[in-house]
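Let me begin by presenting the structure, written as structure tokens, before commenting on it.
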Amino acid sequence: MKTNVFGGRAKCLQRLIRMELPVPVTVALSFEAVHDIAVGHMPDMPALLAPFGAQPLLSVRPSSEDPDWGGPGAILNIGMNNDRLTEMTDLIGAEAAHSLYLRFVQSYAVHVARLDPDEFDLPALADARSLQVMLDAYEMETDEPFPQDPAVQLAEVLRSMARAWDGTTARLLRQAKGAPADAGLGLVVQAMALGVGQGECGSGVIQYVDEQTGAPKIKGRYLGQSQGREALGNAAGAIYLTRDARGQSLEELCPEEFTRLVEYGALCRVRLREEMQVEFTIDDTGLHILDAVRLQRSSRAAVRIAVALAEDGIIPREDAVMRVEPSALSELLHRQISPLTRRDIIVRGIAASPGAARGRIVLTAAEAQASAARGETCILVRRETTPEDIRGMHAAQAVLTMRGGVTSHAAVIGRGLGVPCVVGASDLVINRKRSQIIAPDGRRFAAGEMITVDGTTGQVLAGEPAMLEAALDGAFQTLLDWSDAFRDIGVRANADTPADAQTARNFAAEGIGLCRTEHMFFEDDRLGVMREMIFSEGSDDRRAVLDRLLPMQREDFAALFSIMSGKTVCVRLFDPPLHEFLPSDRAGMRDLAEQLALPLSVVVERVDALSEYNPMLGMRGVRLGIAIPEIYDMQARAIFEAMVAVGRNGTEISVEIMIPLVSAMREVELVKARVDAIANAVRAKTRMTFDYHLGVMVETPRAALRAADIAEHASFLSFGTNDLTQMTYGLSRDDAGRFMSAYVQQGVYPEDPFHTMDVEGVGELIAMGAARGRARRPDVVLSICGEHGGSRTGIEFCRKHGFDYVSCSPFRVPVARLTAAQSALRDSRKTITNS
Ligand code: PEP
Ligand code: MG
């Protein structure tokens with residue numbers, strides 16, 4: 001029986017039967033059969049009912065391919081009718097028989113006839129009167145008596161469950177969990193084991209590990225005179241499974257059944273190679289196993305369970321690596337707010353997705369995307385989110401909503417993406433007109449201000465409180481170590497600061513693939529000097545100011561090289577247009593004029609002179625390096641002097657220098673000549689030897705086309721997929737958010753290409769560039785360092801084209817290590833299958 005034909009539940013039940021567990025008679029309906037039912041073609045009902053005898057009493061449960069995709073709720077006691085009531089009364093007593101019938105009428109009325117649930121509450125007393133009231137209510141609402149024929153009842157149940165699967169809500173919910181649009185539903189029809197009656201009767205649910213931590217632990221509840229999963233959720237009268245000081249337990253009440261349940265758990269773990277949650281019933285004929293589903297688990301538990309199964313020899317390590325969804329790792333990776341820090345709470349809401357993150361307030365998804373495209377962190381603050389916000393949520397470090405609960409869109413998506421999220425902060429006011437949020441105490445926070453969202457506690461804090469790095473347990477490390485053994489592509493990190501580098505190192509990045517050096521100039525103490533440099537007159541003046549920046553840069557690099565000792569650090573020379581360092585409003589210019597002791601008019605004039613129509617296509621990257629060579633000179637000197645300083649302590653250093661925004665070979669020649677000259681000067685002055693590699697960031701289409709020429713002067717080519725996507729599409733990174741939703745909705749682009757790598761277009765350019773570069777210089781090192789480097793598509797692309805490594809943000813490194821391993825394993829499995 002295949003999971004993709006009958007669904008996971010049906011497949012699992014079949015295996016339980018083979019394992020000779022006491023499972024009642026079961027018939028499975030395939031995806032195709034259920035689809036046919038949904039469109040009105042019913043199966044042969046007599047044939048379907050035949051295995052269940054003359055007087056069937058049945059349950060129907062959903063069986064989707066992946067249990068996490070959900071499905072309609074189970075319906076029990078199908079077959080109860082007036083005749084059956086009399087017989088059952090003799091068999092199990094009047095109260096139990098009425099209870100069965102009442103439960104069936106209730107779920108039939110609500111889930112099949114879709115009547116108002118408020119009208120069909122279960123009465124406190126299950127007797128003939130309360131049953132009649134419910135049957136009358138049914139007739140009143142539907143103008144028909146309650147159906148008596150079991151075949152009709154079953155047919156209607158099947159039809160309603162099949163149709164519910166096709167409903168919009170169900171589809172959206174499962175798609176949010178990764179189900180494909182055409183995911184199928186199977187149904188399982190099973191003879192009822194009653195759980196109500198005379199003697200010790202009841203039902204319960206047992207699991208064998210803790211769903212939060214993954215640690216071995218028997219958990220669950222048992223409730224006498226109950227059915228299905230009624231014992232769960234603080235049901236009155238439910239008892240513990242194992243002996244417990246707080247009250248009675250199944251272990252004491254039914255020791256024999258309890259022992260068998262524990263044995264079944266161990267058997268399931270070995271034979272089903274999975275941690276299960278088992279639904280059982282006890283009646284006078286003994287123990288029945290009705291269902292076993294894969295235990296729903298937190299990401300942390302998923303890792304621990306997979307590793308434990310492999311360590312116990314139940315599954316191979318390859319399987320353990322394949323079982324953990326890479327995105328689940330990011331949930332474990334988030335920082336937390338330090339317990340020692342003072343919390344300046346703006347508002348409290350519901351903790352919906354764990355981890356803490358800080359960023360600037362943005363009020364729309366488009367702003368979030370623009371902010372991410374600029375490389376800035378942001379917090380998306382919305383009244384509530386809708387599917388249209390998904391790309392904005394992706395781009396944001398955290399999400400805060402005024403409305404919603406733990407299963408609202410923001411919460412579900414936030415958890416899915418591993419983005420910290422607080423929902424239902426209803427005391428917050430969002431003033432869109434003034435672009436601000438207003439806290440319950442009246443404080444106002446404008447868009448652009450820094451806040452911190454703590455998705456673990458539900459608090460939203462002002463400013464940037466101190467953070468603790470994620471605490472990762474041994475299972476996480478083990479899983480990643482195993483992944484590394486299967487991986488065939490390197491993973492480096494994009495890291496600009498010593499803190500980033502430390503995180504990268506903690507996550508076992510194999511080096512830094514992109515250090516955006518300009519970020520170092522935005523620090524408070526440097527910004528002023530940077531601005532002075534921009535305002536300096538002539539080369540000598542400029543050089544004098546840059547001499548003041550030199551020691552700061554040298555310190556930055558020395559810190560990075562020390563932290564990354566033994567691993568390669570790729571330093572990208574200055575990239576952004578200079579105007580990014582200048583104020584954009586009048587007040588800022590006035591401040592600057594004061595600082596530099598210049599007339600305001602001079603400042604305004606200079607800012608105007610630097611402004612460009614298309615700054616991202618203007619005076620930036622290597623163009624600045626050639627037009628104002630003193631900047632790159634200073635950076636090269638700072639790099640080499642830092643190498644000498646750190647190298648003197650015996651630290652192993654490996655440095656690459658990368659030139660951004662190249663579009664012509666001559667640019668590389670010119671910069672290389674100056675950088676080499678500075679290296680020689682530093683060698684001569686310090687009498688120290690050192691080596692470095694010089695390479696090119698391929699992020700213009702022309703650089704990809706001319707990669708052969710360029711590779712003559714470049715020992716590595718690193719594809720910057722952000723700019724390359726921007727320039728290949730002719731689509732501004734900062735403004736694409738404005739129409740991206742419309743484009744994706746109408747299928748113009750299958751996905752936002754800044755988020756999911758465009759393999760067809762941008763990918764072709766990269767493949768061409770890589771092939772041309774490699775043809776001219778066979779040992780040229782190839783990589784991707786744009787945002788796509790850590791994504792599955794990007795990693796699969798790079799593996800396919802034989803790249804040496806990908807580089808991604810430090811927190812993405814573990815995700816990329818696992819993704820790369822899974823991709824390699826998938827390929828090797830394909831090879832085994834094909835050969
Ligand atoms: C890129 O363009 O892909 C890149 C990594 O550089 P940046 O994002 O700094 O422009
Ligand atoms: Mg770039």
Quick one: ranking THR497, THR168 by accessible area, 1.4 Å probe, largest first, what do you get? THR168, THR497
Cα centroid distance between the range 125-152 and the range 773-835, in Å? 62
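Express the Stokes-Einstein translational diffusion coefficient of the range 424-538 in µm² s⁻¹, to the nearest whole number, given a Kirkwood radius over alpha-carbon pairs, 10 °C and a viscosity of 1.306 mPa s. Don't skip to the end; give the middle numbers.
Working: Rh = 18.7 Å.
Estimated via Stokes-Einstein, D reaches 85 µm²/s.
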If DNA, RNA and ligands are ignored and the probe is 1.4 Å, what is the ranking of THR689, THR142 by accessible area, most exposed first? THR689, THR142
Suppose all protein chains stay in the model; what accessible area per residue would a 1.4 Å probe give for the chain, in Å²? 43
Per the Debye formula with a single identical scatterer at each Cα and no solvent contribution, what log10 I(q)/I(0) holds for the range 736-835 at q = 0.16 Å⁻¹? -0.80
Quick check: the angle from helix 762-776's long axis to the longest principal axis of the chain, C-alpha only, nearest 10 degrees? 50
The value for the range 202-297 (convex hull of the alpha-carbon atoms, volume per residue, Å³) is 98
Dipole-positive endmost among LEU546, ILE512, ILE678 within the chain (Cβ charges, Cα centre): ILE678
Tally up the carbon and sulfur contribution to the accessible surface of the range 636-696 as a whole percent, 1.4 Å probe, everything protein left in place. 49
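Take peptides 552-559, 375-382 and line them up by average Cβ neighbours within 10 Å, highest first, as a rough protection proxy. Present the calculation step by step, with values, prior to reporting the outcome.
Values: 552-559: 20.6, 375-382: 22.6.
Final packing ranking: 375-382, 552-559.
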Hey, if you drop one equal point scatterer on each alpha-carbon of the chain and run the Debye formula without solvent, what base-10 log of I(q)/I(0) do you get at q = 0.08, 0.09, 0.11 Å⁻¹? -0.81, -0.97, -1.29
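Given the rule -39500 (n - 2.57) for each run of at least 4 DSSP H residues, summed and divided by the residues of the chain, what is its mean residue ellipticity at 222 nm, to the nearest 500 deg cm²/dmol? Walk me through the numbers before you get to the answer.
Working: 33 runs with 372 residues, N = 835.
Taking each H run of at least 4 residues, the total per residue is -13500 deg cm²/dmol.
What order do PHE716, PHE811, PHE522 take when sorted by accessible area (1.4 Å probe), most exposed first?
Working: PHE716 5, PHE811 50, PHE522 80 Å².
Most to least solvent-accessible, the answer reads PHE522, PHE811, PHE716.
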What is the distance in Å between the Cα centres of the range 72-95 and the range 335-368? 52
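In debye to the nearest 20, how big a dipole does the chain give about its Cα centre with +1 on each Lys and Arg Cβ and -1 on each Asp and Glu Cβ? Don't skip to the end; give the middle numbers.
Values: 89 positive and 110 negative charges, 489 e Å.
Using only the charged Cβ atoms, the result is roughly 2340 debye.
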Under 27 Å Cα-Cα from LYS219, which lysines qualify once same-chain neighbours fewer than 8 residues away are excluded? LYS11, LYS177
Carbon and sulfur: what percent of the range 3-191's accessible surface (1.4 Å probe)? 52
Taking R0 as 51 Å and r as the Cβ-Cβ distance between THR651 and TYR749, the FRET efficiency 1/(1 + (r/R0)^6), rounded to the nearest 0.05, comes to 0.65
Compute the angle between helix 255-271 and the longest alpha-carbon principal axis of the chain, please, reported from 0 to 90 degrees and rounded to the nearest 10. 40
Within the range 702-835, what whole-number % of the accessible surface is contributed by carbon and sulfur, with the 1.4 Å probe and all protein chains included in the calculation? 49
For ALA495, what charge total do you get from the other residues with a beta carbon under 13 Å from its beta carbon, if Lys and Arg give +1 and Asp and Glu give -1? +2
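Give, in whole angstrom and from largest to smallest, the semi-axes √(5λ) of the equivalent ellipsoid of the range 435-500, with λ running over the eigenvalues of the Cα gyration tensor.
Details: eigenvalues 284, 51, 22 Å².
They are 38, 16, 10 Å, listed from largest to smallest.
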Value of Rg/Rh across the range 3-191 [Cα atoms, Kirkwood radius]: 0.98
Could you give the distance between the Cα centres of the range 1-53 and the range 156-180, to the whole Å? 18
Specify the angular offset, from 0 to 90 degrees and rounded to the nearest 10, of the alpha carbon long axis of helix 600-610 from the longest principal axis of the alpha carbons in the chain. 70
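Normalised radius of gyration for the range 346-448, please: alpha carbon Rg relative to 2.2 N^0.38 Å, two decimal places. Could the numbers behind the result be given before it?
Values: Rg = 12.1 Å, N = 103, 2.2 N^0.38 = 12.8 Å.
Computed over Cα atoms of the range 346-448, the ratio equals 0.95.
The values are calculated or read from the model by the stated rules, or taken from the named source; none is laboratory data. What you see is a predicted model, and the numbers here were worked out from it, not measured in a lab. Cβ: placed from backbone, ideal geometry, glycine included. Neighbour counts: every protein chain shown. All accessible areas refer to the heavy atoms of the entire protein, side chains included, with ligands and DNA or RNA removed. Shrake-Rupley method; radii C 1.70, N 1.55, O 1.52, S 1.80 Å.
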